[in-house]
Amino acid sequence: MPHASDAEGATESAVETRGLEPVPDGERTGHVRELFPTWVAANISVLLLTMGAGLVVFNGLNFWQVLVVAIAAPVVSYGIVGLISVAGKRGGSPGMALSRAVFGQRGNLLPGSLIWVARWGWETINAVTGAYAVLTVLDLLFGVRSNTALIIVTLLLFVACTFLVSGLGINALRRCSTWSTYLFGAFSVLVLVHLVTHTDWSAVFDKPAGSTAMMIAGIGTIAAGGISWVPSGPDFTRYLPRTASSRAVVGSTIGGAGIVVLPMVLMGAVMAVSTPDLARATDPVAFIGEILPLWLAVPYLLIALVGMLLINSMSMYSAGFTAQTLGIRVPRTWAVSVNAVISLVLGFLLMVVATSFTGSFISFLTLLAVAFSAWIGVFGVDMLRRKDYDGAALMDTTRTSAYWYRGGFAWQATASWAAALLVGLLFTKVDWFSGPLASSWLGENGLGWGVTIVVAAALYAVLPRTGTPAAASTQAAEAEPVRLSL
């Protein structure tokens, strides 16, 4: 919200001009309830249907086991998103700007660079899925078959729309998220009714149970998607008043994500009983036209397309901040454009060159979760110790900053992050990479990201506290360790 003097409703359509700088208390007119549609929109993706189908086809789970996975995964992952989001209302800055207080002005460049690059893949996956949705609608309505030229056009269209929404900023994202929540909810009910009346439920419930190990692995896979949003959490809470309820922040985050993840994963599992090829499809969207009637498939795809556009817009919105923390001295909207171009190029390669979309997606999601988890462990422990953030020090990238520490690095945080990242990769296995401990129980159950969080948090907790130099402000120097109150 750009100006404190503007009335709350008058600025909703304005372009957000604020960058990394902390939001003054007078401009913090946001409401916790706005987080609910934000995290609904962050999960409106047909990829959840494909992942739900994978729980049945690849993991061998039955309906009740999928139900457990669909409940546990968002509670775990978005519970962490909600907890880290509390830092946003404390410091009033984006997550990767607040991270400077933890890693140091130079040290923050290490996790920041990795997270920025990882976002390229996330945005590419969503751009490709959105392009496939457009191609499927064109095929269903007009019989237009996919070709290279059409792929380029649809990708361009999707990425351009993403750039527009993310460039406008937080107000545009909130407005779009609210309306997409209503529309997606209404059509999801229609899809559920169709499935209830056209599904062979005896075949669904007769399926034997899979192993507990595969159920745990399923939770890890679904939760990995939520983990990727953790560093972005503070980006969407920095306009909240400091007095906003931390419990409500966590509850709205879990609720918004869970209300989408639960039915989508279950629907995918039910669909997989009659269409097992769903989990192996090269095109992760076309199956909807085969399962649903035309009158329902087309509007549902269009609503899902809006959802995927919002997911990418939210990711690019945060990526713009991350680029700025890396020293790319351009306005946030121009920083967003860098990710837009990258996702366009990588999206074309994934649609035209890659042979398995689902395999590439799961592999990427697994590595993404590990990359983000090392940051989560360190940042989370720091949150438990820290009462507030020094806004001036966050923006001061010179040696006079209270967050310069030693040579610009907080060595305790940097060492904990690097060690945890290495350990997490040892337990990780994807299509093109397998760590030496990937065959262990933790590795086989897809919990490499969990190991990463625990190692990062444990190391950072036992290492001596990072001291602030004499130039630190009184506010930063006198901050006392406190436990997060929820």
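The values are calculated or read from the model by the stated rules, or taken from the named source; none is laboratory data. All of these numbers come straight from a predicted model, not from anything done at the bench. Glycine also receives a Cβ, built like all others from the backbone with ideal geometry; neighbour counts cover every protein chain displayed. Heavy atoms of the whole protein, side chains included, go into the accessibility calculation; ligands, DNA and RNA do not. Shrake-Rupley method; radii C 1.70, N 1.55, O 1.52, S 1.80 Å.
Can you bin segment 212-334 into rounded, prolate or oblate? Criterion: square roots of the alpha carbon gyration tensor eigenvalues sorted a ≥ b ≥ c, rounded for a/c under 1.5, prolate for a/b above b/c, oblate for the rest.
Working: a/c = 2.06, a/b = 1.62, b/c = 1.27.
Verdict is prolate for segment 212-334.
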* Rounded to the nearest 10 Å², what accessible area does Ile151 show when all protein chains are kept and the probe is 1.4 Å? -> 20 Å²
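Please state the relative contact order of segment 380-438 as a whole percent: Cα pairs under 8 Å, 6+ residues apart? Present the calculation step by step, with values, prior to reporting the outcome.
Details: 29 pairs, mean separation 8.7, N = 59.
RCO, segment 380-438: 15 percent.
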* **Carbon + sulfur, % of accessible area of the chain - ligands and nucleic acids excluded, 1.4 Å** => 68 percent
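State whether the chain is rounded, prolate or oblate according to the following rule on the C-alpha gyration tensor (a ≥ b ≥ c being the square roots of its eigenvalues): a/c under 1.5 gives rounded; otherwise a/b larger than b/c gives prolate, and the remaining case gives oblate. Write out the running numbers ahead of the final one.
Numbers: a/c = 1.80, a/b = 1.44, b/c = 1.25.
The shape class here is prolate.
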* Roughly how big is the chain's charge dipole about its Cα centre, with Cβ charges of +1 (Lys, Arg) and -1 (Asp, Glu), in debye to the nearest 20? -> 980 debye
* Asked: Using the Karplus equation 6.51 cos²θ - 1.76 cosθ + 1.60 (θ = phi - 60°), what ³J(HN,Hα) coupling, rounded to whole Hz, does each residue of segment 176-188 give in order, writing x for Gly and Pro?
  -> 5, 4, 5, 5, 5, 4, 4, 5, 5, x, 5, 6, 5
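Starting from the exponent 0.38 and prefactor 2.2 Å, build the expected Rg for segment 141-186 from its residue count and divide its actual Cα Rg by it. Present the calculation step by step, with values, prior to reporting the outcome.
On the way: Rg = 14.5 Å, N = 46, 2.2 N^0.38 = 9.4 Å.
Relative to the rule-of-thumb radius for its length, segment 141-186 sits at 1.53.
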* Asked: For the chain, what is the relative contact order in percent, using Cα pairs closer than 8 Å and at least 6 residues apart in sequence?
  -> 29 percent
* Structure fact -> Once Trp201, Trp411 are ranked on solvent-accessible area with the largest value leading and a 1.4 Å probe, the list reads Trp411, Trp201
* Structure fact -> Taking placed amide H atoms and a strict 5 Å upper bound, the residues 5 or more places from Arg406 or on another chain that come that close are Trp411
* Asked: From the phi of every residue in segment 445-460, what ³J(HN,Hα) in whole Hz does the Karplus formula 6.51 cos²θ - 1.76 cosθ + 1.60 yield, where θ is phi - 60° and glycine or proline is x?
  -> 9, x, 9, x, 5, x, 4, 4, 4, 5, 5, 4, 5, 5, 4, 5
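Please identify the longest segment of the chain free of exposed GluC sites (Glu not before Pro), where exposed means a DSSP state other than H, G, I, E or B and no more than 15 other Cβ atoms within 10 Å. Write out the running numbers ahead of the final one.
On the way: sites that count: Glu8, Glu12.
Free of exposed loop sites, the longest segment is 13-486.
Divide the volume of the convex hull of the Cα atoms of segment 163-279 by its number of residues and quote the answer in cubic angstrom per residue. Could the numbers behind the result be given before it?
Working: hull volume 18.5 nm³, N = 117.
Cα-based convex hull of segment 163-279, divided per residue, equals 158 Å³.
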* **For segment 182-240 and segment 135-163, distance of Cα centres in Å** => 26 Å
* Structure fact -> Karplus ³J(HN,Hα) for segment 230-244 (6.51 cos²θ - 1.76 cosθ + 1.60, θ = phi - 60°; Hz, whole; x = Gly/Pro) runs 4, x, 7, x, x, 4, 9, 10, 6, 8, 7, x, 4, 7, 4
* Helix-derived mean residue ellipticity, 222 nm - over the chain, DSSP H n ≥ 4, -39500 (n - 2.57), to 500 -> -22000 deg cm²/dmol
